[in-house]
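A short worksheet on the structure shown next.
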Amino acid sequence: MSETSVATIIPASPEVLSLKVPDSSPLVTQAKALQIKTDEDVITAKDIRTQLKAREKFIMDDPTGPQFTINIKNAHSLHKSLVAAAKVFTDPINEAVGIIDRGLGNHELEKRRLKELADKQAKEDQEAAQKKIMDAATAKINKALASTGKIEQQIADMEEIVNGPDSSETEIELASRQIEVLRMKLDSHTEKAAQIQKTAEQAADALPVASPAAVDYTKTKGVKVKKIGEVINKTALIKAVADGKLPDVIFDINQGHINRLINMGIVFPSDAVKVTEEAKYGGRG
């Protein structure tokens, strides 16, 4: 039967099949209660096991029984054929939907990238404009101070800037602080004047820069942006977990791999892996 053909054999329901199953509970109860402590117990245990396995074979494969094996196989075949038949129709649809979803996501990421670039450029432009204003104000103050060596005249020149109708806010701020410095110098408080001068310079450096102009950006409704990590250095990742910087839940311990390596003779550090032995009868001998 090909995977694309529709299965016609429908397995009977478990309720119907179970009517043909003999009661194995007495043997099961006997097996569960059995304590194997002597060689005679071994013989009894193997006999019970043989009877249980015979019951299992009857249940799964005997033509006079419920034949679960063939019914399970038919159910799997039906499932596979239905899945294959559905995929003929749904795969092209899902592929097209996937293309649209990725396109919407990429468009959203590109909008975010352009917004970040625009914001960065706006900030740089505004910082440059603010620096230009600051440089011009500083040059004007310094020029006025350099025009005379007399403190009284320097104070007067600064006051003229403060009261000047054409003075910018930055020029007024710097000139006002400079007046404080000059008056302290005039009163022979040189040390305090130096401190005020330092404060004035710090204040000038800290003049606020306007926030970047908002870039036109509207989030695409329904698009979720998430970050995806790629391990590029396993050793560094393991060290980060060992140092307690990351939770150990990021490691999926494969018990099967560990057991195979142990039985191949690989010796693990005793403080990392505890090795115990487990014996199980395989039904032979």
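Here are the numbers for this structure:
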read-out	value
Residue-wise HN-Hα coupling along the stretch 139-152, computed from phi with Karplus coefficients 6.51, -1.76, 1.60 (Hz; x: Gly, Pro)	4, 5, 5, 5, 5, 5, 5, 7, 6, 8, x, 8, 5, 4
Those lysines that a straight Cα-Cα span of less than 28 Å connects to Lys80, excepting residues fewer than 8 apart in one chain	Lys20, Lys57
Residues Ile93 and Thr276, FRET efficiency given R0 of 45 Å [Cβ-Cβ distance, rounded to 0.05]	0.30
Karplus-derived 3J(HN,Hα), 6.51/-1.76/1.60, for each residue of the stretch 57-64, Hz, glycine and proline x	5, 4, 4, 7, 10, 5, x, 8
Residue pairs, from the table Lys53/Lys274; Lys53/Lys73; Lys115/Lys221; Lys143/Lys185; Lys115/Lys227, whose Cα atoms sit over 25 Å apart	Lys53/Lys274
Extension gain from Asp41 to Glu159, taking 0.36 nm per residue of separation minus the Cα-Cα distance	31.2 nm
R0 of 45 Å, Cβ-Cβ distance Lys115-Ala86: FRET efficiency to nearest 0.05	0.60
Backbone HN-Hα couplings from phi across the stretch 170-185 [Karplus 6.51/-1.76/1.60, Hz, Gly and Pro as x]	5, 4, 5, 4, 5, 5, 5, 5, 5, 4, 4, 4, 5, 5, 5, 5
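Rule-based calculations on the coordinates, nothing more; no lab input. Owing to the predicted nature of the structure, the values given are computational and were not obtained by experimental measurement. Note that we place each Cβ from the backbone using ideal geometry, even for glycine, and neighbour counts take in every protein chain shown.
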